[in-house]
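Scroll down for the structure; my scribbles are underneath it.
Here, each number is a calculation from the coordinates, and none is a lab measurement. What you are looking at is a predicted structure, and each value in this text was computed from that prediction instead of being measured. Here the Cβ positions follow ideal geometry from the backbone for every residue, glycine too, while neighbour counts run over all protein chains shown.
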Amino acid sequence: MQLVLERRPERSVLIGIVSPLIAIALTLLTMAVLFAAIGKDPIAALIVYFIDPLTDSYSLQEIAVKATPLVMIAVGLSLCYIANIWNIGAEGQFVVGAVCGSWLAVATNGTGVGHWVLPAMLLLGALGGALYALIPAICRVYFGASEILTSLMLVYVADLGMDYLVRGPWRDPHGLNFPTTADFDAVATVPILIQGGRLHAGAIAAVIAVILAAVLLGRTIMGFEIRLVGAAPRAARFSGFNTDRLILFTFAVSGALAGLAGIIEVAGPIGHLQPGISPGYGFTAIIVAFLGRLNPVGVLVAGLFLALTFIGGEEAQIAMKVPLDLTKVFQGILLFYVLACDSMIIYRIRLLRTVSKPVPAHA
Amino acid sequence: MPDALVEVVKLIFSVNFILTATTASTPLLLASSGELVVERSGVLNLGVEGMMIVGAACGFGGAYLSGSTLIGALCGILGGMALAAIFAALTLGLAVNQVATGLALTIFGVGLSGLIGAAFVGQKIVPASHLHLPLLTDLPVVGRILFGEDAFVYVSIALVIGIWLFLYRTRPGLVLRACGDNHASAHALGYPVLKIRMLAVLFGGGCAGLAGAFLPLAYTPFFIPGMTQGRGWIALALVVFASWRPGRLVVGAYLFGAVSILGLALQPLRLGIPAQFMNSMPYLATVIVLVLISRTRGTAGSTAPASLGLVFVPDR
Amino acid sequence: MKKWNFLAIAAVLALAGATLAAQAADKLKVGFVYVGPIGDLGYTYQHEVGRRALQKALGDKVETTYLENVNEGPDAERAIEQLARAGNKLIFTTSFGFMDATVKVAAKYPNVFFEHATGYKRAKNLATYAARFYEGRYIQGQIAGKMTKTGVIGYIVSFPIPEVISGINATMLGAQSVNPNVKFKIIWVNSWFDPPKEADAAKALIDQGADMLTQHTDSPAAMQIAEQRGIHAFGQSSDMIKFGPHAQLTADTDYWGNYYIERAKLVLAGKWKSEDTWDGLDKGMVVMAPYTNMPDDVKQMAMKTEAAIKDGSLNPFKCPIVDQDGKTVECKGGSRLDNGQILSMNWYVKGIDDKVPGK
């Protein structure tokens, strides 16, 4: 008797709907067990993690603030991943976008410029991110170098580059020589939506990105091409679609979105450029993209959910002294379950009586 | 300027520099060797960083509780393997996307190692001892380099040699390569592709775990959360850098180790280059080398195992 | 009848509520925000030591909480605000990078007291505090200067912020006071802790002639290497003697416990006010680990210097000070550099032949 994985004749619609729920349920169960294992009350912990942050305006806003960069980056990444193009360097593109946009803010700081500054910064950020993302894309298209590794290596380069800038040429002259630029002027800051909170216009930008991506995927030729290349690469080639152009396009778009997220984060919640503007958004966004099953709306939901786990994790640290590492474990487990359950959409497990093993052919 | 150049050359060829570079290169070599086997079998496991860091936590814990480096190393290997088992179950058992699973493994591993290691922070152990052969180790220049290293270094070299022999001189190795190059054909020939891949993945996990354990057992004999600091990702790059060939892997690992040390060691020589640029040298070098070697090969990724990363579900 | 019952119940409830509230109000909730893990055996660990001392000293009068690994970006603001919302009335934010976040949250919660370490922005409910680490480094410089045989001291550093630069300068001034020709070799590892990298830097420095090591990074890696190679080193933030039983000469440890206890007591007594505290050896914020592994005369010299700094007769940054370009630095504090100059230091003193990165 053995267990085998077998492809279903067609994708299971039922599992498609139910799978995320099952995955979440399994995750909650595992987390409850883990909480109990470290001596914390499972029910109380789960409530602090998931329910409490939803109960007041402050936490809800914070969830949105945390989710904004994640969703924006993940939307771009999902476009790449659908076509099996692996942009792992979103973190670097985020940083480069932040740097490019900040350049304008630093250059015009204190000079009383008009309101055109902020949109210009955002544009520069998106452009910078797109150009930086094109480097691994070009390496792949023209030199055949693995985009996974080149984009990853460039993350380190971007971080070090920004570090150099804020410690040197862009350092705030009145900042006692600490590595940070001067605070951005009010005109160079992303506006807040609700007074007293931190919810800012970037959240709207993220939602717009989701809508645009959905439209791109669902209603444009390029979107069709992306989906086709992902689902049936040979067929796509035979149809005459140019994979190279697709690689450049998806990298540029995801880079632009990551760069935009970067400058919004810096010109919004942070307010100046400093080392450590990202606690790994570029990598967490990869998780969000997969949790959202590479679907723009799914990414939005997944981003909010993951942000919820971050906020909940912090509250659990305060309220119940639950270690922060547990949040990472939890996020990893969630993705494991989502991936596993999603696999059941395409495959099913069957128990079979053992068939005699075929005799290996000898050369 | 010529003076500085002389200084740099003297530095690179000094015994101490070579010894330091060896220490820096060993975890990279251990981890990338394992991943090379995994990728040769057709699986892409991006979770090396997660497996390494769990190996570091388990390895230190084991050594601290037992007082023995060997037991610590074994614990590290088992820790890496345990994580690899999760990866295998998902990607081989349930045909899940390998990239996503690998990344999830990294995040999970980093968190898990923090939880495991929390109990051991601040503790210290006796570092792995170095070999000392009566006459040989005292030889000038080559003595300490060849005969004065710790066990991990010798294991890493033996491992690479063993992997080379296995892949190119044995039948099972040939079969493994076949699974990576064309899993459909290998399956048609009757080979248990999934089982072979599973063994490869576990082996890779063990190597990554050992590589991680090296850090708190020999490099710096204490445990601090996050002490792998991205070395797992470098190991992944090295496999590609080496075009999936063991011999080149040694070159790549030692080159990278040396360059990363160089970035630090050159600073006091005051060559006028910003420290950040020095520190970014290894990463830039990797990108440049990746581009150059891929270019000489022609079409996109033609040296990679053709079935790398592709999902395989045996049809019946 | 019903009305009486109702009133009685209401009265009991009110009384119970008041008692509970009073009890809750009695326990002062104190929160801590850490930039790193408490397991870093360095900077954050010392703050944690201070927190534990506070909890122990004021036992049932305080309830302390901490958040570790808080990133210095937008997460910081949320972490601090969450502590405030959870009822903490005294919050310590222990890294410079939390400055703006602390300022913003302090403005939103005027009834909560905030204390920011190593910063310079204050408000009515926001105080700052730091330790004069450089005092300890001056002593270390003297010891190193006296004991070095090669005349080269190795310095492993993280980032070129003023605190680190003033530490380098103080070490050099101390060394020069006993050995005018001493030289430094400096390596920037671009991280507060990365043990393997710190170990590599230590090895490189030793290979390049250093026989004394000092660091401004947080892990005991360099101390370990010093022990292995048989040279001497200074611990940083924490006493690292465990990792270098024959190597460690001393360590300039941060001790925040007294300060935390004092500030909590002020809150309990209703006497807290915003100020800037910058204490050193005199108030026990900087504590030198026991002097070991050194000849007696060096130990006596070190103890004498420590005493002199404590009673104020010796100031590490006493004028005149010449910078590495040969110019005499303007002396704004009378006979010594003033606080502002030390807090914004981004130049090296004469004798250091390296350039401050990023200048």
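Annotations
- Look at the Cα gyration tensor of the range C:152-200: its axes a ≥ b ≥ c give a/c of at least 1.5 with a/b at or below b/c, and that counts as oblate.
- Simple spin-label estimate for A:Arg8 and A:Ala120 in nanometres, 7 Å along Cα-Cβ: 5.4
- Helix runs (DSSP H) in chain B reaching 18 Å along axis by Cα, Kyte-Doolittle at least 0.5: B:15-40, B:48-66, B:69-88, B:98-117, B:151-169, B:193-214, B:246-265, B:275-297
- Close amide H contacts of C:Glu63 (hydrogens built in the peptide plane, cut-off under 5 Å, sequence separation of 5 or more or a different chain): C:Leu28, C:Lys29, C:Val30.
- With neighbour counts taken as other beta-carbon atoms within 10 Å, the residues B:Met52, C:Met223 rank, fewest first, as C:Met223, B:Met52.
- Averaged over residues, the count of other Cβ atoms within 10 Å places the peptides C:339-352, C:27-40 in the sequence C:27-40, C:339-352, highest first.
- The three principal axes of the C-alpha atoms in the range C:26-131 carry coordinate ranges of 33, 31, 24 Å, sorted with the longest axis first.
- Tilt relative to chain A, helix A:281-291 - C-alpha long axis, 0 to 90 degrees, to 10: 30
- Theoretical FRET efficiency, 1/(1+(r/R0)^6), r = Cβ-Cβ of A:Arg219 and A:Leu351, R0 35 Å, to 0.05: 0.20
- Nearest-ten-degree value, helix C:133-147 long axis tilted from longest Cα axis of chain C: 30
- Listed by chain and number, the aspartates and glutamates whose C-alpha is less than 15 Å from the C-alpha of C:Lys203, apart from same-chain residues fewer than 8 away, are C:Asp194, C:Asp211, C:Glu227.
- Mean residue ellipticity (222 nm) of the protein assembly as shown, computed from DSSP H runs ≥ 4 via -39,500 (n - 2.57), nearest 500: -19500 deg cm²/dmol
- Members of C:Lys27/C:Lys104; C:Lys27/C:Lys265; C:Lys56/C:Lys265 lying beyond 19 Å, as alpha-carbon distances in this model show: C:Lys27/C:Lys104
- Shape category assigned to chain C from the gyration tensor of Cα positions, a/c cut at 1.5: prolate
- Nearest-ten-degree value, helix A:243-265 long axis tilted from longest Cα axis of chain A: 50
- Reach of C:Lys350 by Cα under 13 Å, taken over aspartates and glutamates that are not fewer than 8 positions away in the same chain: C:Asp323, C:Asp325
- Charge dipole (the protein assembly as shown, unit charges on Cβ, about Cα centre) - positive-most of C:Ile143, A:Gly332, A:Ser12: A:Ser12
- Distance violations [Cα-Cα > 28 Å] among A:Lys66/C:Lys89; A:Lys66/A:Lys321; C:Lys304/C:Lys355; C:Lys197/C:Lys327; C:Lys29/C:Lys273; C:Lys242/C:Lys318: C:Lys304/C:Lys355; C:Lys197/C:Lys327; C:Lys242/C:Lys318
- Overall form of the protein assembly as shown per C-alpha gyration tensor (a/c, 1.5; a/b vs b/c): oblate
- The aspartates and glutamates whose alpha-carbon is closer than 16 Å to the alpha-carbon of C:Lys61, local same-chain residues fewer than 8 away aside, are C:Asp26, C:Glu262.
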